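Structure first, commentary second.
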Amino acid sequence: MTIQRMDNVLIVVEDLDAVIAFFVELGMELEGKGPIEGRWVERVIGIDDVRQDVAMLRTPDGHGRIELAMFHTPKVIRPEPKDAPANTLGIRRVMFAVDDIDDVVARLRAHGAELVGEVAQYEDIYRLCYIRGPEGIVVGLAEQLS
């Protein structure tokens, strides 16, 4: 076997606390938060003079993780366009299975999130939507119906 599991997905952010609050409201659990710097991280990511704060969140089942990084140095580079549409090259969203999509959308809206499109039903199997949270982060939500 070439891999054991998918460990985490990294999202670079400017407001670490706001993004943590968004993902905690979604149902993720904060595993830890702290500063990261030094030659070892510079060697791994290929950037010199790195100073950042990192938070690790995990899904309730313990299998999925999202790592959030807020760089102090060097300065972050902004993507264009800011709120890229779904057909833009690269990673566009992370999808989560939820019990009640309407409840989750309502709770995330309290954190400034908005629907990208609308909640739509795929046959009698799923209700699905994309929601844009803090800093333009897009998450997909899927509620299994049958």
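Charge tally around Met56: other residues with Cβ under 9 Å, Lys/Arg +1 each, Asp/Glu -1 each, net +1. Within the shell of other residues whose beta carbon sits under 14 angstrom from the beta carbon of Gly133, the net charge comes to -1, with Lys and Arg scored +1 and Asp and Glu -1. Where does helix 16-26 land angle-wise versus the long Cα axis of the chain, in degrees 0 to 90, nearest 10? On a 0 to 90 degree scale, this one is about 30. In this label model, Arg39 and Thr73 are separated by 1.7 nm, measuring between points 7 Å along each Cα→Cβ vector. Highest GNM mean-square fluctuation among Thr88, Thr73, Thr59, for the chain modelled with Cα contacts below 10 Å: Thr88. Overall, the ratio between the Cα radius of gyration of the chain and 2.2 N^0.38 Å, rounded to two decimals, is 1.13. Over the chain, Cα pairs under 8 Å with separation of 6+ residues give a relative contact order of 22 percent.
Per residue, the chain reaches -5000 deg cm²/dmol at 222 nm when only DSSP H runs of four or more residues are counted, each adding -39500 (n - 2.57). Shape analysis of segment 107-146 yields a ratio of the Cα radius of gyration to the Kirkwood radius, Rg/Rh, of 1.04.
Tell me, in nm to one decimal, what length is gained between Glu29 and Leu10 on full extension, where the rule is 0.36 nm per residue of separation less the Cα-Cα distance?
Details: separation 19, 0.36 × 19 = 6.84 nm, distance 1.56 nm.
Fully extending the segment from Glu29 to Leu10 adds 5.3 nm.
The trypsin sites (Lys or Arg not before Pro) found in segment 8-88 that occupy coil by DSSP, while having at most 16 further C-beta atoms within 10 Å, are Lys75, Lys82.
All of the numbers you see were taken from the coordinates with simple rules; none came from a lab. Note that the coordinates shown come from a computational prediction; the quantities given were computed from them, not determined experimentally. Heads up, the Cβs are rebuilt from the backbone with ideal geometry, glycines too, and the neighbour counts pull from every protein chain shown.
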